[in-house]
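A quick write-up on the structure given underneath.
The values are calculated or read from the model by the stated rules, or taken from the named source; none is laboratory data. Here the structure is a predicted model, which is why all the values come from computation and not from measurement. Here the Cβ positions follow ideal geometry from the backbone for every residue, glycine too, while neighbour counts run over all protein chains shown.
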Amino acid sequence: MVARLLSQLLEIPLVGVNHCIAHIEIGRQMCKIDDPLTLYVSGGNTIVSAFESERYQIFGETLDLAIGNMIDSFAREADIPHPGGPKIEKLARDSSKYLELPYTVKGMDLSFSGLYTAAKRLLKSKKFGIEYNLNDIAYSLQETAFAMLTEVTERALAHTGKKEVLLTGGVAANKKLQEMINYISDEHNARFEVVPLRYAGDNGVMIAWTAILKYLSKGEDTIEDTIIKPKERMDNIEVPWRN
Amino acid sequence: MNLEIEKKKIFKKGAEASLYYGKWFNKDVIFKYRISKKYRLDIIDKKIRNSRTLNEARALIKIKNYGINVPCVYEIDPEESIITMDYIPGEKLKDLISILDIQKLEDYFKKVGIFIGILHQNGHIHGDITTSNILITPNKEVFLIDFGLHDYSDNIEDKSVDIHLLKRVLISSHGDYYKICFKAFLEGYRDCYNESSIEECESIILNVDVIETRGRYIKKEERL
């Protein structure tokens, strides 16, 4: 809305940008990476994507909750203030006691709802505080969820044969996840990069940068073109600057 | 089982499992070995490899009983996550499509349709029906392989997704033959449903088209 207003007032070009694609583009730019397989993990999205057949194709994604949303929701249940992710990561570091949790990978897609429910149940159980503590749940939750993410990323890496892996989104800040994705990248002789934190989470620069790329290849959009489509999928969008 | 010897004859290496060729009581066999992944905790790794090995082996044994050509399972080692199964000589249907005559091609795809129809009616989902996972033996028999993504379901949606995968592979890898192959497949698939179940069969086939109109796939299909 503001962008539309400003472009009218200042008579400057208006360019519509897809949020998910902007995450990948700023990552490519900041990490000097050309054609990566991207694992994009945040509060709103969990996507494994790579550029193929002129689009950012989605090879795997969550079938229900986004990973960041799942962790934050669990943290809220445990009375940890928002954002819960960094706190969960810290709690997990002090445990090595694994409590069994459901692991759900379907092909290259993931499901976190069962994992969330099971973790919540551990929290409410009578055994909580006696047989195990919050550190143990945080540890088990991370180990399970991240192993799932790593498995689908590896599968997509083997499938696409890409030689670079990019980790982005708010959850990319998690050291444990970085370590795991780094491990499989090494195994497949792929270069691994994490987008610097201030550009990995949602930011304005990524939108501006992607708009520049699009403007230089295709020009500006009309106001009608920039109607917000919250359900638009990244694999539906043309990427003229990469073709 | 002396895996060290067999490991030298690696047959195929996938993201999840490696196949080794070898002998088992003088029979030609394949050892399917699920690879341990160091990035995950041992306890998670063991659980996944163990359950997937058992799931796949059980599925193969059950499916063989329906008269579907699948490799015979000889030995299961859930601890090491190894399935020892029949070595099926033959070629992937993928490599034959462009050189077969049309009649033969139709026969093969009809047979695949019948096999998948029987699987679905008995609540099995193959999970990865691609032309790489269909073998044609030297005696012209059709074999289904790789049940690594097998699942149990009586859902129309799951069955449609199963068929949709084959359709996508046919369009993207064998575009010129897609119509002939898919038509023959559906013919075989319909054939194995009877009067009381044909309605469900039609809903499954109709739902394949519905899946394509969902955001995820529509543009891909349009582009082709």
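Can you give me the number of residues within region B:28-51 that are away from chain A (no Cβ under 14 Å) and surrounded by fewer than 13 Cβ atoms within 10 Å (Cβ to Cβ)?
Filtering region B:28-51 down to residues away from chain A (no Cβ under 14 Å) leaves B:28-33.
Still in the running and surrounded by fewer than 13 Cβ atoms within 10 Å (Cβ to Cβ): B:28.
Qualifying residue count, region B:28-51: 1.
Enumerate the pairs (first residue in region A:89-111 and within 11 Å of chain B (Cβ to nearest Cβ); second residue anywhere and among the β-branched types (Val, Ile, Thr) and assigned to a strand (DSSP E or B)) with beta-carbon separation below 8 Å, excluding pairs fewer than 6 apart on the same chain, so at least 6 apart or on different chains.
A:MET108/A:VAL48; A:ASP109/A:THR62
Rundown of residues vs (1) part of a helix (DSSP H, G or I); (2) on the phi < 0 side of the Ramachandran plot; (3) out of contact with any Phe, Trp or Tyr (no Cβ under 9 Å at 6 or more places or on another chain), yes/no style:
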position	(1), (2), (3)
A:LEU6	yes, yes, yes
A:LEU9	yes, yes, yes
A:GLY44	no, yes, yes
A:ILE58	no, yes, yes
A:ASN69	yes, yes, no
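Any idea which of (1) within 12 Å of chain B (Cβ to nearest Cβ); (2) in contact with a helix residue (DSSP H, G or I) (Cβ under 7 Å, 6 or more places away or on another chain) is the one A:ALA158 doesn't satisfy?
Among (1) within 12 Å of chain B (Cβ to nearest Cβ); (2) in contact with a helix residue (DSSP H, G or I) (Cβ under 7 Å, 6 or more places away or on another chain), A:ALA158 violates only (2).
How do the pairs read when you match residues in region A:59-70 that are over 15 Å from A:THR144 (Cβ atoms) and surrounded by 22 or more Cβ atoms within 10 Å (Cβ to Cβ) with residues anywhere that are at pLDDT below 90 and of a type in the set (Ser, Thr, Tyr), using Cβ under 9 Å and keeping only pairs 6 or more apart or on different chains?
Hits for this filter: A:PHE59/A:THR160.
Pick from region A:167-215 the residues that are among the charged types (D, E, K, R) and out of contact with any Phe, Trp or Tyr (no Cβ under 9 Å at 6 or more places or on another chain): which of them is surrounded by the most Cβ atoms within 10 Å (Cβ to Cβ)? It would help to see each step written out before you state the result.
Going through region A:167-215, the residues among the charged types (D, E, K, R) turn out to be A:175-176, A:179, A:186-187, A:191, A:193, A:198, A:202, A:214.
Now restrict to residues that are out of contact with any Phe, Trp or Tyr (no Cβ under 9 Å at 6 or more places or on another chain): A:175, A:191, A:193, A:198, A:202.
Details: A:LYS175: 10, A:ARG191: 15, A:GLU193: 20, A:ARG198: 9, A:ASP202: 15.
Selected residue: A:GLU193.
All but one of (1) in contact (Cβ under 8 Å) with a residue 12 or more places away in the chain; (2) in the same structural domain as A:GLY60 (by TED's automatic domain parsing); (3) more than 19 Å from A:ASN45 (Cβ to Cβ) hold for A:ASP186; which doesn't?
Here A:ASP186 clears every test but (1).
Just checking, which of B:ILE198, B:ILE125, B:ILE205, B:ILE180 is of a type in the set (A, V, I, L, M, F, W, C) and within 14 Å of chain A (Cβ to nearest Cβ)? Can you show your working first?
Working: B:ILE198 fails: within 14 Å of chain A (Cβ to nearest Cβ); B:ILE205 fails: within 14 Å of chain A (Cβ to nearest Cβ); B:ILE180 fails: within 14 Å of chain A (Cβ to nearest Cβ).
Exactly one residue qualifies, and that residue is B:ILE125.
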